[in-house]
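*Asks:* Once you've had a glance at the structure underneath, I'll fire off some questions.
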Amino acid sequence: MPFHVEGLVAIIVFYLAILFVGIWAAWRTKNTGSDGDRSEAIIVGGRDIGLLVGGFTMTATWVGGGYINGTAEAVYVPGYGLAWAQAPIGYALSLVVGGLFFAKPMRSKGYVTMLDPFQQIYGKRMGGLIFIPALMGEMFWAAAIFSALGATISVIIDININISVIISALIAILYTLVGGLYSVAYTDVVQLFCIFLGLWISVPFAMSHPAVTDIGITAVHEVYQKPWLGLIDTPDIYTWLDNFLLLILGGIPWQAYFQRVLSSSSAMYAQVLSFLAAFGCLVMALPAILIGAIGASTGKTGFHSQDTEQLWWMRMIYIKTNGSEGNPLASFSKCFHPASVQSRGVAPRGRRSAMHQTRTPVGTWPPLRPHKGRSAAVMSSADSSILSASSMFARNIYQLSFRQSASDKEIVWVMRITIFLFGASATAMALLAKSVYGLWYLSSDLVYIIIFPQLLCVLFIKGTNTYGAIAGYLLGVLLRITGGEPYLYLQPLIFYPGWYKDDDDIYVQRFPFKTLAMLTSFFTNIAVSYLAKYLFESGTLPPKVDFLDAVVAKYSKENMDKTTLVKNDNIILNELAPVNPRHSLTLSTTFTNRDAFSDIDSSPEVSNAEDN
C-alpha cells in the first residue's frame, strides 16, 4: 500500500505546531483574570480579543471540515451543483444578520454565555432546557469531525483509525483545557492559515491534470455529467428555501459564535468581527468550489484508473469509514435526497461523506497539501465545540443553577473537568456510534427550531415568560420529530403537501416544515406568555397557580441577580448597576439593569452610576 513520508512529517509538524501555539497562548495569558474572574477569562478571553485574532477565530469556527468538504461535495453532485451549495452564502449571511441584530445587545449587556439571557428572563429551569439542544449540537458535531479527521489521518500514516481519532482528540482537548478561549483563538490563526494554504496549493495540481476538462466548459455544458453550476427544480424550491433559512437563522444561536462576540472588547467590535468573518467565509469557500468543479470536470482516464494514487486514498478512507469495499462515488450520489442535499452540503453527513475528503481527482500529488488543510479545518471546529459545551455547563448549569456560592477557582476546575469529559465523550461517540452525522444533523435542526425563536423572544419581545417559552419549546420539538428525517430513517407522522417516496422507500418532505416549526415555536411563546400574563393579572387564575413564579411573583426566586438567584428580600433587577462592555467583567457584575430587549452601549451610564 502507498505510504507517503512527507504526509507523515506534515501531520506531525502540524500537530506539534498547534500544540505549541495552544500552550504558548495559555502561558502568555496565565495571569489574565487572576483578580477573581479567571473562569470568565477562560470562557470569553478577558474580553480583550482584538480584531485580527478575533476575525481569524470567528472565521475558523465556521470554516471547518464540514464547510470545506461539504461545499466541494455539493458542487460535485450531478444534477445539483453550485446552486445547492448553500453553505458559503448561508453562513456569510448568518454572520451578517448576527452582527446587525444580535451581537450588540448580547455584548452590551455583558453576558458570559449564550444561555445567560435565558436564565435572566426565564429562570434556571428554562436555561437547563435550552442547554439540551445546544449541548447536543456541539457534542455530535465534535464527534462527527473527530471521526472524519481520524479516517483521513489513518490513511496518511497507515495506522488504526481508532488510534488516529484518539490522538487528534487528545491534542485538541489538551490545549483547550490549559488555555480556554485564548488557546482556541490563537490556534485558530494557525489552522486557518493551513486551511487556506493547503487548499490553494492543491487546486493548481488538480486543474493541471490531463484528465480534467476546462471547468468553464463543464459549468454550462454536459461533458461527464450535468453542468456543475447546477439547477433548482421547481418542486424543490420550497425545500431549498427551508434549508437556506435554516443556515442563515439557525447559524446564529450557537455558543461558539456568541463566545467570540462576547470576547470582543466592545459591542462595536463584536459587530465588526461578525462582518469580517462573513467575508472570510466567502473567501475560504472559493477553493472548495473549485475542487468540486474539478471533480465534476474529470473523466474516467484520470479518475477511475485503478493505478491512480488519489483513487487509492479515496478508496482507503471509504473502507476505513464504512468498514467495507464499495464504489465511493456511487454511494455518495445515492446518499443525497432532494429534500436534504443542500443541508448535506453544509457538513459531511454520514460516514460516506467523510470518505469524500479525498474525493477530488488530482492524480498523484502528495497527500501533504490537501490533508493538512483539511486537518486544520476539522480541528478548528472541534476545539470550539468542546469549549462551548463546557462553558455553558460550568457557568449556566453548575454555577447558576446549583452552586451560586461556588468560588471562581471551583468554576475553573469544573470547566477543566468538563472539557476533558465532553472531549472524551465526543471521542467515544466518534469511535462507537453508527450515526453520529445523522444525530448532529437532527440536533442542528433543533437549534434552529427551538433556540432561535427563544432567542428572538428573550432579546426583542417584551413580556414573554417561562410558560410561553416552555410551550414553544415543546411544540417546536414535536413538529420537528413528527416531520420525519430521511437520513435517520425516521418516518414522518405528519405528511405535508408535496411529500414523496424515493427509490429506497424513504419518505421525503418538500414542504418547508422546519421553518414552519420554528415560526410555530416563536408565536406560541408569545401567545402563551401573554395569555398567562392576562390570566394571572386579571385574577382569573390565583397567584398560587403561578408555580414557576414567572408572572405574579414580584421578587421571583427564578430571576437572576448577577450570578445568584434573587431572594424574596433582595433587590430587583432594575436597581442594579449596568455593565461597561469595554472592560473585563467579574462574575459579580454579569447581568445588568436593562430589559432583555433594550439595545444600548452602557459606557456613559457606568460613570454616572459610580458618581452616585
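*Asks:* For segment 116-124, does any single residue satisfy the condition of being basic (Lys, Arg) and open to solvent by 10 Å² or more (accessible area, probe 1.4 Å)?
*Replies:* Yes, segment 116-124 contains a residue that is basic (Lys, Arg) and open to solvent by 10 Å² or more (accessible area, probe 1.4 Å).
*Asks:* Ile571 fails exactly one of the following numbered conditions: (1) open to solvent by 40 Å² or more (accessible area, probe 1.4 Å); (2) modelled with pLDDT of 95 or more; (3) among the β-branched types (Val, Ile, Thr). What is the number of that condition?
*Replies:* The number of the failed condition is (2).
A quick yes/no check of all residues on (1) over 24 Å from Leu387 (Cα atoms); (2) out of contact with any His (no Cβ under 8 Å at 6 or more places or on another chain); (3) assigned to a helix (DSSP H, G or I); (4) of a type in the set (Ser, Thr, Tyr):
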residue: Lys30; (1), (2), (3), (4): no, yes, no, no
residue: Thr59; (1), (2), (3), (4): no, yes, yes, yes
residue: Ala83; (1), (2), (3), (4): yes, yes, yes, no
residue: Val96; (1), (2), (3), (4): no, yes, yes, no
residue: Arg107; (1), (2), (3), (4): no, yes, yes, no
residue: Thr113; (1), (2), (3), (4): no, yes, no, yes
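*Asks:* Looking only at segment 405-420, filter to residues that are within 30 Å of Asn162 (Cβ to Cβ) and touching a residue at least 24 places away in the same chain (Cβ under 8 Å); which one of those is surrounded by the most Cβ atoms within 10 Å (Cβ to Cβ)?
*Replies:* For segment 405-420, the residue satisfying everything is Ile419.
*Asks:* Another question, then. Scan segment 83-104 residue by residue and report those that are under 16 Å from Glu73 (Cβ atoms) and among the polar types (S, T, N, Q).
*Replies:* Answer for segment 83-104, where residues must be under 16 Å from Glu73 (Cβ atoms) and among the polar types (S, T, N, Q): just Gln86.
*Asks:* Another question about this same structure. Name the residue that is surrounded by the fewest Cβ atoms within 10 Å (Cβ to Cβ), counting only residues in segment 448-483 that are of a type outside the set (A, V, I, L, M) and closer than 23 Å to Tyr507 by Cβ.
*Replies:* Looking at residues that are of a type outside the set (A, V, I, L, M) and closer than 23 Å to Tyr507 by Cβ, I get Thr482.
*Asks:* What number goes with the only condition from (1) surrounded by fewer than 24 Cβ atoms within 10 Å (Cβ to Cβ); (2) at pLDDT 90 or above; (3) of a type in the set (A, V, I, L, M) that Val75 does not pass?
*Replies:* (1)
*Asks:* Which pairs turn up if I take residues in segment 174-185 that are under 13 Å from Leu19 (Cα atoms) and open to solvent by 10 Å² or more (accessible area, probe 1.4 Å) and look for partners that are assigned to a helix (DSSP H, G or I) and among the charged types (D, E, K, R) with beta carbon separation below 7 Å, at least 6 apart in sequence or on another chain?
*Replies:* Pairs found: Leu177/Arg416.
The values are calculated or read from the model by the stated rules, or taken from the named source; none is laboratory data. These numbers come from a predicted model, not from an experiment. Cβ sites come from the backbone with ideal geometry, for glycine too, and all protein chains shown count toward neighbours. These accessible areas exclude ligands, DNA and RNA; they are computed on the full protein's heavy atoms, side chains included. Shrake-Rupley method; radii C 1.70, N 1.55, O 1.52, S 1.80 Å.
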